[in-house]
Amino acid sequence: MSTEVLLNEFKEVSEHPHVVLSEYKKQGKKVIGVLPYYAPVELVVAAGMVPMGIWGSNNKTISMAKEYCATFYCTIAQLALEMLLDGTMDQLDGIITPTICDTLRPMSQNFRVAMKDKLPCIFLAHPQHRKPAFGLQFTVDQYTHVKNELEKIAGTAITDEALREAIKVMNRSRAARREFVKLAGQHPDAVSAVNRSAVLRAAWFMEPVPFAEKLEALNAELKALPECKWTGKKIVTSGIICDNPKLLQIFDDNKIAIAADDVAQESRAIRVDAAETGDPMMALAQQFADQDYEVLLYDEHSNQNRRGEYVANLVKNSGAQGLVLFMQQFCDPEEMEYPYLKKALDNAGVPHIKLGVDQQMRDFGQASTAIQAFADVL
Amino acid sequence: MAKTVSPGVLALRKVVDDVHADARKAHAEGRLVGWSSSKFPCELAAAFDLDVMYPENQAAGIAANRDGEIMCQAAEDLGFDNDICGYARISLAYAAGKRASRKVDLETGEYVINPNSGKPLKDENGKVVIDPETGKPKKDPKTMVPYTVLDDIYEIEALPEGREKELRKAAIKPYRQMQIPQPDFVLCCNNICNCMTKWYENIARMRNIPLIMIDIPYNNTVEVADTNVAYVRAQFDNAIKQLEELTGKKFDEKKFEQACANANRTASAWLRVCDYLQYKPAPYSGFDLFNHMADIVTARAKVQAAEAFELLEKDLAEAVKNGETTTPFPEQYRVMFEGIPCWPKLPNLFKPLKANGVNVTAVVYAPAFGFVYDDLDGMARAYYKAPNSVCIEQGVDWREGICRDNKVDGVLVHYNRSCKPWSGYMAEMQRRFTEDLGVPCAGFDGDQADPRNFNEAQYETRVQGLVEAMEANKAKKEAEAK
């Protein structure tokens, strides 16, 4: 299949997740909605169910969720609640609600209250002390709770064997995505910013095996392409999410390619794999422990600027000339880490711009001007 | 608010002053001073005789001293978004060396008085004196203050020795919260919010100092599971090891036990003081309780704090016996004030309440600092139950408990722009209060530290609405009784 056909297929999925959901339900599959961040989707896969990521929506307006939230909450969380309330996600069989940020903490309660009698909400609290033995044990304990709840929904026990298999499957999906990110950065002529996002977004909606197969096929096509003589600019994106096609179109219109990313919905979610041997629950806990350079997680070496320097190096090593930070409105972990990210970028001589975004943005005029002006100085 | 100050209140004031003075002394003598989040297990630091300051309490004090805005802006100039918690912004600006200072004329060495400051001058009959030249009220020169400007202690430090250095050093505002020593280490417990984690990481990075972290993940059940207790217990051991490395001392179990005993005694006395709000009319206002926050935060593990609260308890018993109250108006309605107060706007918060005879007889701070426990497991469980780390059922239960016990007629909910975890499920809580208790609720937008986020007109309208609803409720109940 050609690159273009494959990209269009990913785009179809990315733009119409509800169609995909309906399709799974028609096939008699159970589907679990997975909220950000770092939920062990391997457990869902091992239970024979389909995990579908819930990262808000670029097309909805907050209305019913206002009954639960004041205005100053991240739109990803608010729109997730909106879609649970307005029936968009009625076909789900359950959701997993992690609580790693200050918005998701109370929102986990709102989800549970709002979905009472309608949808099982599986609570998940990650530890911040995730590396020491007691932290690993806590993660195992919490994941065991998630596992037990998923087993109830699936009506079947999750065996170690099934979990090891699910880990392999998810590792394969992550490896394919990492490879794709690299190839998309090398071949921006073949993969636009809009299409790059569609592929990575589709990963949250498709079953992992068909997704990995399709992406591996696309990667093979991209690898076979001749070297790209890119005449435009290259940047690295950073932030929680930047999946709005209208916003990304500005990059394509201005010949700005995405060489790599430090985005929660994209590369931050796929940096670390889980071990395929040994105790699979501990392997998942270790995988979480190994997450690093992450605004949401505690850094034991917090007196150093490790995360800022990591991102600055990412820009340099990817051959990009600058960084575009999509600052998700009301996201305090991102906001708290900005001054030191800026410091590291400035020290490394990496220019950057910070664009305030949220999922209810409909007018991108200002963003367009800022991105164009930024590209001009690169 | 109170015209005469009771011995208990005086004792409480002294306890906080002493804690601050001790920390300044320790710093001056080259001993370690730490900064700690308000619900970090202070018993651990006390076991090592460490002097500890509390940035949340400090930020509240800075905000109440009207310097919240200039410090918040200073943090924003450092790159911290104005969406971030106001306490965090004030603290981060302070950690970076920023200070609210008095404008000083470097030539004359005198402070430059702000002509817009001060209260109107009154004559011997209490009448406002009008300036015949301007036709406007004259200012009382005693109440006029210098302009507030931002300074930086690291900039001052870098100056050559001399007049400017001395003048600028001396111009930093003298109140205790603006005189806290810079930290040598930080103690972070994120049971109240995850913002705390990033806030303290930033301080550790800014000052290149050790961070000791106790992580308390959010809990979805009323009970704290044994697995969660085990996680926190292991972290206590971890923190002790880090404190041993930091201080070069061995963990002193006896001192630790004494600190635990003190902390329990303080917390119990605190809860009993809070319970005096159950009397009708209450012997004091919940706003007075806000003033004692500093003690429960900064001195929980000190015997002096326990003694001072016990003294206050006696004062209150006496007040009840004599039918006295420090509330400066007759109590017509009793409400729960939900959330952290808007420290920069306390008088503005109080004004419409006073005008309508509304006394605050319940505040969530009562259970929030009532850490009472028997053993180490119990201590882990107690610290697991901070206001923002508990599930909605526990949160509602706490509040409805104090609403019932303290006989409130309504609830005033502060949607605190600084606190996402606290405000995040208040809408649902309001519905439950009304459904379960049959009391009206009113919400208003504000902020614990940044005065720019408080709208006085909206607040007054909401209070008015609440009063009308309580009035209607009262009339209905009276009619039913007949």
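Here, each number is a calculation from the coordinates, and none is a lab measurement. This one's a predicted model, so the numbers in the text were calculated from it and none came from an experiment. Heads up, the Cβs are rebuilt from the backbone with ideal geometry, glycines too, and the neighbour counts pull from every protein chain shown.
Summary table
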read-out	value
For segment B:192-273, alpha-carbon Rg and Dmax in angstrom	15.7, 42
Calculated log₁₀ intensity ratio I(q)/I(0) where the Debye formula runs over C-alpha points of segment B:268-481, q = 0.08, 0.09 Å⁻¹	-0.28, -0.35
Inverse mean reciprocal Cα-Cα distance (Kirkwood Rh) of chain A, Å	21.2
Sorted by Cβ density within 10 Å, fewest first, the residues B:His20, A:His126	B:His20, A:His126
Mean shadow area of segment A:26-158, taken as a quarter of the surface of its Cα convex hull (nm²)	8.5
Residue among A:Ser302, A:Ser57, A:Ser267 with the largest mean-square fluctuation in a Gaussian network model of chain A, springs linking Cα atoms under 10 Å	A:Ser302
Axial C-alpha extent at least 24 Å, average Kyte-Doolittle at least -1.0 - helices from chain A (DSSP)	A:133-154, A:160-186
Lys/Arg +1, Asp/Glu -1 at C-beta; segment B:332-402 dipole; positive extreme among B:Leu376, B:Val396, B:Pro352	B:Pro352
Per-bin percent of Cα-Cα distances, segment B:338-427 [10 Å]	14, 42, 32, 10, 2
Relative contact order (%) - segment A:223-378, alpha-carbon pairs under 8 angstrom, separation at least six	28
Tail fraction, Cα-Cα pairs, segment A:237-378, threshold 24 Å, whole percent	35
Estimated D of segment A:104-246 in µm² per second, where Rh is the Kirkwood radius over Cα pairs and Stokes-Einstein applies at 4 °C, 1.567 mPa s	70
Span-like helix ranges in chain B, DSSP H, alpha carbon extent 20 angstrom or more, Kyte mean at least -1.0	B:7-28, B:226-247, B:253-275, B:303-321, B:456-481
Length-normalised contact order for segment B:268-481 - Cα pairs under 8 Å, 6+ apart - percent	22
Charge dipole magnitude, Cβ of K and R +1, D and E -1 - segment A:26-158, Cα centre, debye nearest 20	120
Low-density loop cleavage sites - GluC sites (Glu not before Pro) in segment A:171-236, where at most 12 other Cβ are within 10 Å (DSSP)	A:Glu227
At 1.567 mPa s and 4 °C, Stokes D of segment B:53-124 from Kirkwood alpha-carbon radius, µm² per second	93
Kirkwood Rh in Å, taken over all unlike Cα pairs in segment A:236-312	14.6
Gaussian network model of chain A, Cα within-10 Å springs - most flexible of A:Ala166, A:Ala176, A:Ala220	A:Ala220
Over chain B - Rg/Rh using Cα atoms and the Kirkwood inverse-distance radius	0.98
Principal axis dimensions, largest first and in whole angstrom, of segment A:67-110 by Cα	28, 20, 15
Segment B:294-391 shape via C-alpha gyration tensor axes, a/c threshold 1.5	oblate
Relative contact order (%) - chain A, alpha-carbon pairs under 8 angstrom, separation at least six	19
Radius of gyration and Dmax over the Cα atoms of segment A:1-83, both given in Å	15.3, 48
Beta bridge orientation in the protein assembly as shown: antiparallel %, DSSP, nearest 5	15
DSSP-assigned coil residues among trypsin sites (Lys or Arg not before Pro) in segment B:345-408, each with at most 15 further Cβ atoms within 10 Å	B:Lys407
Footprinting exposure proxy for B:Val463, A:Val34 (fewest neighbouring C-beta atoms within 10 Å first)	B:Val463, A:Val34
Overall dimensions of the protein assembly as shown as given by Cα atoms, namely Rg and Dmax in Å	28.7, 95
